[in-house]
Structures are given as C-alpha cells and as structure tokens.
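Some notes on the structure that comes next.
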Amino acid sequence: MAKHWSRPATEALQADGLRITDLDTSATPGFKGDKKAGKELLAERTQVLSDLQEKLYANGRSGDSRSVLLVLQGMDTAGKGGIVRHVIGSVDPQGVDHAAFGVPTEEEKRHHYLWRIRKQLPRGGQLGVFDRSHYEDVLVVRVHELVPQKEWEPRYDEINAFERELVDEGTTLIKVAMFVSLDEQKRRLRERLERPDKYWKFNPGDIDERAYWPAYQEAYQAMLDRTSTKYAPWYVLPSDNKWFSRLAITELLVDALETLQLDWPPAKFDVTEQLRRLDTA
C-alpha cells in the first residue's frame, strides 16, 4: 500500500452502505497526508500507472483481450475532465480509448440506450475511459422524466447484466461517482464565467441543473444501491479537492492493473537469431 494511505483506496471509497446526503465532499477518505504530500505521492504513483498501462497495451498488441474501463460519473464541475487530462493524460495515448457521452444524437435515439455504449467499449489491451456513461439513462433521464418510470426502472437490472457480460469477457470495470458540494460547484462555475479561457467550458444549463440537486441525489443513491456489485463495484469519491480526486483515481487504476498480474509479452521470434542478423546487417 502506498504511503500516507491508512487503507487502500479500493476500501476507503467503497460505496456499500454509504448515504450521499451524509457525504463530506471535502474529505479525503483513507488518506492521512496533506495536499503537498498528496501531490508528491501522485507524481510517484503516476509513473507506476504509466508503466503498468504500457504493459497492458503491450499485451494487447500481442493478442491479450483483457482491458480496463474507467467509468466517471458526476454532476457538472465534479472534475471528470480534469481526471482525463491529468491522470489519463499521463499514460501512452496509443493505449487509451476515450469516449464522452453527451445528449444522444438523433441516430443514437433510434437505438437501445446501450447501443452507443457498446460502440465505445475498449479493445483488448486498452485503458478505456467513459466521461459520463450508460448511467445517464438512470440519472438525467430519471430526474427530468424523459421517459416514464416503467421504462427506466428495468435499466438497473439491464445494466448489471451488461456489466456482468463485460467482466466475463475480460474487462475490469472501475466505476467512480464523483461528488462536489453545491458551494464548490458554484465556485467552479463562477471561475468559468470570470476567466475567458474557461468560457468554452460553461453551459448556462449547468445553473438550471442546480435546482434539481435533491432529485439528483436521490437518483445517484438509487444508482449506487442497485448497481454496485461484487464484479463491478461503485467507488464514491469526494471531489472538492482536485488533488485528492486525481490521486485516488490513480490508486484505483494502479490496483486494477496490478490485479491483472501483467508481465511483458514474450518475443514471437528467435532473439539470438535476430541479434546475429543485426550484427551482420
């Protein structure tokens, strides 16, 4: 276990039994260091993550069908984009399959809600990242009553079956629900409005969504209660502190990749013969 952690992130961030309304979004569960210690440790663990991800990619190039999929779910400003930029951005981009799911296109609306998700699943040897995901169809859809309850209610079981299928086929799922406080969200939205270089990130609709905060809390609670399974558990990440969010997700990724017990794939050629050829070339 990495230094400053009193228990692994996989234990400290477990969703089981947690009530969102009781969550301290400024907390750093399991981590006993301060911001400075967290940033120093992140630099160390980022290198570990990079090395492990390279092994995953190398094995995929050699025919290994296993993959890892990081699912990031959270309200606007929770920090999903920052995770993609600062954590996933530290590994070999050749080995990353990234997808961001916004409002469904007209074509996507003509299909089952999992259709667009299946199209973006990571290939063998890839680290997949979903910025939002299939869970939008039991969150936004539920909160805004885009379809009747009789339509979204069965989706919890459908999603569980879908994820069971993914795991059986060799994908390791890391599902992270990111939460910030209303005050922190307001601060981050204000920053986007006060900085010209952040205007592009601002959506006026984000302010409207704040009125639905209680409904979203209820929807997220149902999501955690009904789709956190042994094969695809949810991790709940207090995200007011960006440095902690990035460190915690790095730890979750390192743990998942270490569990795969990856090694460098063996050569598919005679190394001695190729060295002889090189010496005489």
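The values are calculated or read from the model by the stated rules, or taken from the named source; none is laboratory data. On a predicted model such as this, the values are computed, not experimentally measured, just so you know. Counting neighbours? That spans all protein chains shown, and the Cβs are built from the backbone with ideal geometry, glycine included. These area figures cover heavy atoms from the full protein model, side chains too; ligands, DNA and RNA do not enter into them. Shrake-Rupley method; radii C 1.70, N 1.55, O 1.52, S 1.80 Å.
Quick notes on this one:
- Averaged per residue, region 1-80 has 48 square angstrom of accessible surface, using a 1.4 angstrom probe with ligands and nucleic acids left out.
- Within the accessible area of region 26-91, the carbon and sulfur atoms contribute 47%, probe 1.4 Å, all protein chains present.
- Pairwise alpha-carbon distances in the chain exceed 32 Å for 28% of all pairs.
- Using θ = phi - 60° in the Karplus curve 6.51 cos²θ - 1.76 cosθ + 1.60, the 3J(HN,Hα) couplings for region 17-33 round to x, 7, 9, 4, 5, 9, 6, 8, 6, 9, 6, 10, x, x, 9, 9, x Hz; x is entered for Gly and Pro.
- For residue 175, nonlocal amide neighbours, meaning residues 5 or more places apart or on other chains whose placed amide H falls under 5 Å from its own, are 71, 235.
- The slack in the chain from residue 186 to residue 92, taken as 0.36 nm per residue of separation less the alpha-carbon distance, amounts to 30.4 nm.
- Exceedance of the 30 Å cut-off in Cα-Cα distance is limited, within the set 119/230; 80/268; 35/80; 55/242; 80/109; 36/80, to 80/268.
- Spin-label model distance (nm) - residue 4 vs residue 197, 7 Å beyond Cα toward Cβ: 2.5 nm
- Sites residue 274 and residue 167 - FRET efficiency at Förster radius 30 Å, r taken between beta-carbons, to 0.05: 0.20
- Values of log10 I(q)/I(0), in the order q = 0.09, 0.16, 0.19 Å⁻¹, for region 30-181 under a Debye, Cα-only, solvent-free model: -0.34, -0.99, -1.26
- The phi torsions of region 126-132, fed into the Karplus equation with coefficients 6.51, -1.76 and 1.60 and a -60° offset, translate into couplings of 9, 9, x, 9, 10, 8, 6 Hz, rounded to whole numbers, with Gly and Pro shown as x.
- All other residues whose Cβ lies under 13 angstrom from that of residue 186 are scored, Lys and Arg at +1 and Asp and Glu at -1, for a net of -3.
- C-alpha center-to-center spacing [region 1-48, region 113-160] in angstrom: 27 Å
- Rg [Å, one decimal], Dmax [Å, integer] - region 102-228, C-alpha atoms: 16.4, 47
- For the chain, the mean residue ellipticity at 222 nm estimated from helices alone is -13500 deg cm²/dmol, where every DSSP H run of n ≥ 4 contributes -39500 (n - 2.57) and the total is divided by all residues, rounded to the nearest 500.
- Ligands, DNA and RNA left out, the accessible area of region 149-280 computed with a 1.4 Å probe is 50% carbon and sulfur.
- Reduced Cα scattering model of region 169-281, Debye log10 I(q)/I(0), q = 0.13, 0.15, 0.18, 0.19 Å⁻¹: -0.73, -0.87, -1.10, -1.15
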